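Bear in mind that the values in this text are calculations on the coordinates, not laboratory data. Predicted model, so just to flag it, every value in this text is computed and none were measured. No Cβ is skipped: glycine too gets one built from the backbone with ideal geometry, and neighbour counts run over all protein chains shown.
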Amino acid sequence: MQSALRQAAIVKPGGIVEVRSPDLAPGTRVEVIVIVEDSTPARSLRSIIGSGKGCFSTPQAADEFIHQERERWSF
């Protein structure tokens with residue numbers, strides 16, 4: 001049966017990462033995968049809205065555009 005162990009660690013000088021657990025028996029072969037955390041802060045959805053090319057900066061700007069388009073379509 002396969003089991004997993006998840007731990008957070010700080011990389012020590014020389015790139016050393018230690019994993020310690022009483023659940024790991026001496027001599028047992030293990031696979032270690034290191035995932036480096038992203039250091040850039042996550043952007044909120046609100047900060048992204050209106051920042052793309054061709055996007056509306058506010059809901060009012062979108063409403064105004066739709067209103068103008070409907071006026072153009074009037075027969």
Does the stretch 11-33 include one or more residues that are part of a loop (DSSP other than H, G, I, E, B), without any contact (Cβ under 8 Å) to a residue 12 or more places away in the chain, on the phi < 0 side of the Ramachandran plot and of a type in the set (S, T, N, Q)?
yes
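Quick one: count up the residues across the stretch 1-15 that are of a type in the set (S, T, N, Q) and either surrounded by 10 or more Cβ atoms within 10 Å (Cβ to Cβ) or more than 20 Å from the chain's Cα centre (by Cα) (or both).
Here is the first cut: in the stretch 1-15, the ones of a type in the set (S, T, N, Q) are 2-3, 7.
Still in the running and either surrounded by 10 or more Cβ atoms within 10 Å (Cβ to Cβ) or more than 20 Å from the chain's Cα centre (by Cα) (or both): 2-3.
So the answer is 2.
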Which ones in the stretch 39-73 are in a helix (DSSP H, G or I) and touching a Gly at 6+ places or on another chain (Cβ under 9 Å)?
Ala61
